[in-house]
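Step one of this worksheet: look at the structure below.
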Amino acid sequence: MIEIIDSPFDPHARLADYQRSLQSVGGYGAEASFTGYMRDHNDGERVTGMHLEYYPGMTERHLQSIADEAARRWELLEVLILHRVGDIAVGEAIVLVAAWSAHRADAFEACRFMMEDLKSRAPFWKKEQLDPGERWVQGNTPGYK
Amino acid sequence: MIEIIDSPFDPHARLADYQRSLQSVGGYGAEASFTGYMRDHNDGERVTGMHLEYYPGMTERHLQSIADEAARRWELLEVLILHRVGDIAVGEAIVLVAAWSAHRADAFEACRFMMEDLKSRAPFWKKEQLDPGERWVQGNTPGYK
Amino acid sequence: MSIQVKFFASLRDELGRDSAEIEDAGDMKVVDIWQQVAGNQPFSGNILAAVNMEYAQADSPVRDGDEVAFFPPVTGG
Amino acid sequence: MSIQVKFFASLRDELGRDSAEIEDAGDMKVVDIWQQVAGNQPFSGNILAAVNMEYAQADSPVRDGDEVAFFPPVTGG
């Protein structure tokens with residue numbers, strides 16, 4: 001399941017809700033998840049807020065293609081991708097990605113793959129509010145070192 | 001924080017509680033977590049329940065050493081390791097591991113390292129209830145393929 | 001019909017508009033669309049393009065009725 | 001004083017007891033403790049040992065007052 005969300009969401013509550021709804025209780029042994037939160041600093045500057053823009057239509061389509069690709073490459077029972085858009089405050093969740101599988105290797109690797117693809121390819125753009133001023137974030141740092 | 005738990009726990013509620021208690025709100029951008037659940041099958045057999053034994057004293061000490069080692073190797077703000085012991089029903093959470101960091105690579109890698117070390121070295125032993133009978137689990141499968 | 005063009009984020013700010021509509025001249029590629037909407041600004045590696053909501057390259061074909069989008073490197077997650 | 005020995009999981013079931021106490025004979029190693037409690041069963045790679053709650057090897061020294069534990073491969077998580 002993928003979803004674009006335009007107001008604050010509780011990542012742990014969403015994870016719990018979705019996990020409860022899975023029909024395969026007892027079938028999955030592994031749940032790997034990642035939550036990205038808005039930090040109060042970036043590139044050495046204090047950040048006070050953020051606006052997250054997306055491309056309605058293409059963004060949902062791209063997130064679905066990430067979920068489909070993960071399901072092709074690993075043995076997964078379910079995946080979940082949620083992403084905030086609009087105005088975001090410090091400390092709020094921006095993204096939640098989760099994968100359920102019978103075994104942990106599949107869950108871990110699928111979860112990380114989905115986050116890396118999302119960061120490098122999904123159409124989202126961050127504009128940070130500084131004090132004073134604002135700036136578009138220029139690019140994401142690679143997630144593999 | 002590490003904890004041995006002898007009754008059912010809600011991994012998402014615990015994750016939410018711990019995340020709320022972090023003093024570094026706005027300082028972390030990344031939370032990676034893994035939850036292991038009891039499956040209804042293992043090695044081709046249907047499993048109806050499980051007893052999880054540990055070595056009081058050594059197990060806590062080993063989990064703490066995993067948390068300390070992760071904090072040495074990656075830039076982490078917090079880590080959490082919870083592990084069930086005693087009688088466990090199908091679908092219940094067995095283990096929760098989480099890491100918070102400013103950046104996702106550290107959170108992902110620390111979370112996975114902690115799970116792999118826990119699976120291969122932490123003193124826990126599973127005895128599965130089959131129908132009929134029971135058996136000690138012989139060993140964990142490697143988590144890196 | 002015609003070709004709908006959309007701009008996002010910093011690229012929209014730079015161009016001063018969020019969309020454009022251009023006539024299909026036949027046998028067009030993404031880079032041709034870019035030159036019509038951006039004038040002298042080169043189509044560099046810092047500009048990404050999509051045709052009908054799928055990533056496209058400078059030489060990807062564009063047909064009448066297509067939606068073409070230009071945007072800077074993505075920064076979600 | 002003496003040396004406290006503990007057994008866990010399937011190894012406890014096989015040996016039929018969860019603990020033992022043995023006299024320190026001086027200059028003892030983990031494998032010596034094992035031989036005293038397990039008789040003829042060899043100290044194989046499928047048996048893990050800890051001294052004072054830290055992993056130990058067959059030739060790790062054991063001193064009076066130590067706690068020694070033997071157990072099968074771990075299966076937590």
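Report whether or not B:Tyr28 is buried (at least 17 other Cβ atoms within 10 Å of the Cβ), facing chain A (nearest Cβ under 8 Å) and over 16 Å from the mean Cα position of the chain (by Cα). Answer is yes for this residue. Kindly provide the set of residues from region B:70-80 that are surrounded by fewer than 22 Cβ atoms within 10 Å (Cβ to Cβ) and closer than 27 Å to A:Ser21 by Cβ, ordered by number. Correct list: empty. Looking at region B:31-76, which of its residues are within 11 Å of chain A (Cβ to nearest Cβ) and aliphatic (A, V, I, L, M)? Within region B:31-76, B:Ala32, B:Met38, B:Val47 meet the criteria. Only residues that are surrounded by fewer than 22 Cβ atoms within 10 Å (Cβ to Cβ) and not charged (D, E, K, R) were counted in region A:81-124, giving 11.
Within region A:31-51, the set of residues being surrounded by fewer than 21 Cβ atoms within 10 Å (Cβ to Cβ) and touching a residue at least 60 places away in the same chain (Cβ under 8 Å) comprises A:Asn42, A:Glu45, A:Arg46, A:Thr48, A:Gly49, A:His51. Contact map, region C:1-20: residues that are without any contact (Cβ under 8 Å) to a residue 60 or more places away in the chain paired with residues that are in a loop (DSSP other than H, G, I, E, B) and surrounded by fewer than 17 Cβ atoms within 10 Å (Cβ to Cβ), Cβ distance under 8 Å, separation 6+ or inter-chain. Pairs shown: C:Arg12/C:Asp18. The residue that is nearest to B:Asn42 (Cα to Cα), among those in region A:13-25 that are more than 7 Å from every other protein chain (Cβ to nearest Cβ) and assigned to a loop (DSSP other than H, G, I, E, B), is A:Ser24. Number of residues in region A:111-145 that are hydrophobic (A, V, I, L, M, F, W, C), part of a helix (DSSP H, G or I) and at the interface with chain C (Cβ under 9 Å from one of its Cβ atoms): the value is 2. Across region D:15-34, which residue is surrounded by the fewest Cβ atoms within 10 Å (Cβ to Cβ) among those that are closer than 21 Å to D:Pro73 by Cβ and out of contact with any strand residue (DSSP E or B) (no Cβ under 7 Å at 6 or more places or on another chain)? The residue in question is D:Gly16. Scanning region C:43-77 for residues that are free of Cβ contacts under 8 Å to residues at least 12 places away in the same chain, more than 17 Å from C:Phe7 (Cβ to Cβ) and surrounded by 14 or more Cβ atoms within 10 Å (Cβ to Cβ) yields C:Gly76, C:Gly77. Does C:Asn40 fit the bill of being over 25 Å from A:Leu52 (Cα atoms), assigned to a loop (DSSP other than H, G, I, E, B) and either within 14 Å of chain A (Cβ to nearest Cβ) or without any contact (Cβ under 8 Å) to a residue 12 or more places away in the chain (or both)? Yes: the conditions hold for C:Asn40.
Here A:Ile4 meets the list (1) among the β-branched types (Val, Ile, Thr); (2) outside any strand (DSSP E or B); (3) more than 10 Å from every other protein chain (Cβ to nearest Cβ); (4) in contact with a Pro (Cβ under 9 Å, 6 or more places away or on another chain) almost entirely, failing just condition (2). The selection criterion, being at pLDDT below 95, within 14 Å of another protein chain (Cβ to nearest Cβ) and in a loop (DSSP other than H, G, I, E, B), holds for C:Asn46.
The values are calculated or read from the model by the stated rules, or taken from the named source; none is laboratory data. Model, not experiment: these values are computed from the prediction. Heads up, the Cβs are rebuilt from the backbone with ideal geometry, glycines too, and the neighbour counts pull from every protein chain shown.
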